[in-house]
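Enquirer: The structure's right below; bear with me while I get my questions together.
Computed from the coordinates by the stated procedures, all read-outs in this text should not be read as laboratory data. None of the values given here were measured: they were computed from a predicted structure. Here the Cβ positions follow ideal geometry from the backbone for every residue, glycine too, while neighbour counts run over all protein chains shown.
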Amino acid sequence: MNVKPSFEKGINHAATAPAFLSVWDMHAYYGESYIVQGISFNVHEGEILALLGRNGAGKTSTLRSIARIGDPEVTQGEIWLDHQPLHNMSSHEAAQLGLGLVPEDRRIIPGLTVEENLKLAQIAPPIGWSIERLYDLFPRLGERRMQEGTTLSGGEQQMLSIARALARDIKVLLLDEPYEGLAPVIVDEIEKTLGIIKEQGITTIIVEQNAVRALQLADRAVILDTGGIVFDGTAAEVLENEELRSEYLAI
């Protein structure tokens, strides 16, 4: 049985790194299962990072750990956002600092309209993303503003989940399987929107089983295998490396 390492606090290993988001020697567990095994990587401001790997590699656990969800339990390591330490924060505090997680199940609030879902998430007063600006970014949501959010199509619900994260004027967007179950034409639309979000300077980490689509969108890629990092480099390098794709991504 693996012995859980103790959580190291107060040591700023990443604050001087030329990165916007830094993960340093992060370890995380689900119960006794050792899921994230000492990973370290940097993400630069405005960059799109594809976090890839086979099922069970630790991708979603890494996203949830960065967002400070509490499950899995992070037992060691440091997470820094814009020189602020996330590793000692609650999920609520991390969200206030600018992290926005869009989970795989989208978490649309039942009984609320599209607009009510957005207004509930929005900071007051909005700094960068007013409701109308969100409707400009997602015209479909504007057309359905008074429709109950849970009655939207899968693609529209994904748009609402992303818009709801933006409504809090986030700095980092964490996307867990955003293309799952969506038609290619809807994926195209969401990717176009993510490109616009990138132009606004928002940093994005995307976990996605459709690795080719994620790599075509991303600037850089980190590939996980059994809880550790086996590749950290440009997305183009992965697309050009057939052996790497076959061994770790099955493509």
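Enquirer: Which whole-Hz couplings ³J(HN,Hα) result when phi for each residue of segment 67-82 is put into the Karplus expression 6.51 cos²θ - 1.76 cosθ + 1.60, θ = phi - 60°, listed in order with x for Gly and Pro?
Expert: Calculated HN-Hα couplings, in order: 6, 6, 5, x, 9, x, 8, 7, 9, 7, x, 9, 10, 10, 10, 6 Hz.
Enquirer: Another one. Using the Karplus curve 6.51 cos²θ - 1.76 cosθ + 1.60 with θ = phi - 60°, what ³J(HN,Hα) values do you get for each residue of segment 134-143, in whole Hz, with x for Gly and Pro?
Expert: 5, 5, 5, 6, 10, x, 4, 5, x, 5
Enquirer: To the nearest 20 debye, what charge dipole does segment 78-136 have about its Cα centre, counting +1 at the Cβ of each Lys and Arg and -1 at the Cβ of each Asp and Glu? Please report the intermediate quantities before stating the final value.
Expert: On the way: 4 positive and 9 negative charges, 22 e Å.
For segment 78-136, the charge dipole is close to 100 debye.
Enquirer: Add -39500 (n - 2.57) for each DSSP H run of 4 or more in the chain, then divide by its residues: what number comes out at 222 nm, to the nearest 500 deg cm²/dmol? Spell out each step's value before the answer.
Expert: Details: 10 runs with 85 residues, N = 251.
Calculated mean residue ellipticity at 222 nm is -9500 deg cm²/dmol.
Enquirer: May I pose another question? What's the whole-number percent of alpha carbon pairs in segment 111-155 lying beyond 17 angstrom? Could you put the intermediate results ahead of the total?
Expert: Numbers: 289 of 990 pairs.
Value for segment 111-155 (Cα pairs over 17 Å): 29 percent.
Enquirer: Could you give me the ³J(HN,Hα) list for segment 174-181, computed from phi with Karplus coefficients 6.51, -1.76, 1.60 and θ = phi - 60°, whole Hz, x at Gly and Pro?
Expert: Here the 3J(HN,Hα) series is 10, 10, 10, 6, x, 9, 4, x Hz.
Enquirer: On to the next question. About its Cα centre, how strong a charge dipole does the chain have in debye, to the nearest 20, once Lys and Arg get +1 and Asp and Glu get -1 at the Cβ? Show your work: numbers first, answer last.
Expert: Values: 21 positive and 36 negative charges, 120 e Å.
Result for the chain is approximately 580 debye, rounded to the nearest 20.
Enquirer: Tell me, what is the Rg over Rh of segment 169-249, with Rh the Kirkwood radius over Cα pairs? Present the calculation step by step, with values, prior to reporting the outcome.
Expert: On the way: Rg = 13.1 Å, Rh = 13.6 Å.
Ratio of gyration radius to Kirkwood radius for segment 169-249: 0.97.
Enquirer: How big is the chain along each principal axis, measuring the range of its Cα positions in Å and listing the largest first?
Expert: Principal extents (Cα only, largest first): 52, 41, 34 Å.
Enquirer: Say R0 is 51 Å: what FRET efficiency, to the nearest 0.05, do residue 116 and residue 240 get from their beta-carbon distance? Don't skip to the end; give the middle numbers.
Expert: Working: r = 46 Å, r/R0 = 0.90.
Between residue 116 and residue 240 the formula returns 0.65.
Enquirer: Long-range amide H contacts for residue 234: which residues qualify at under 5 Å (H placed 1.01 Å from N, peptide plane, sequence gap of 5 or more or a different chain)?
Expert: The answer is 221.
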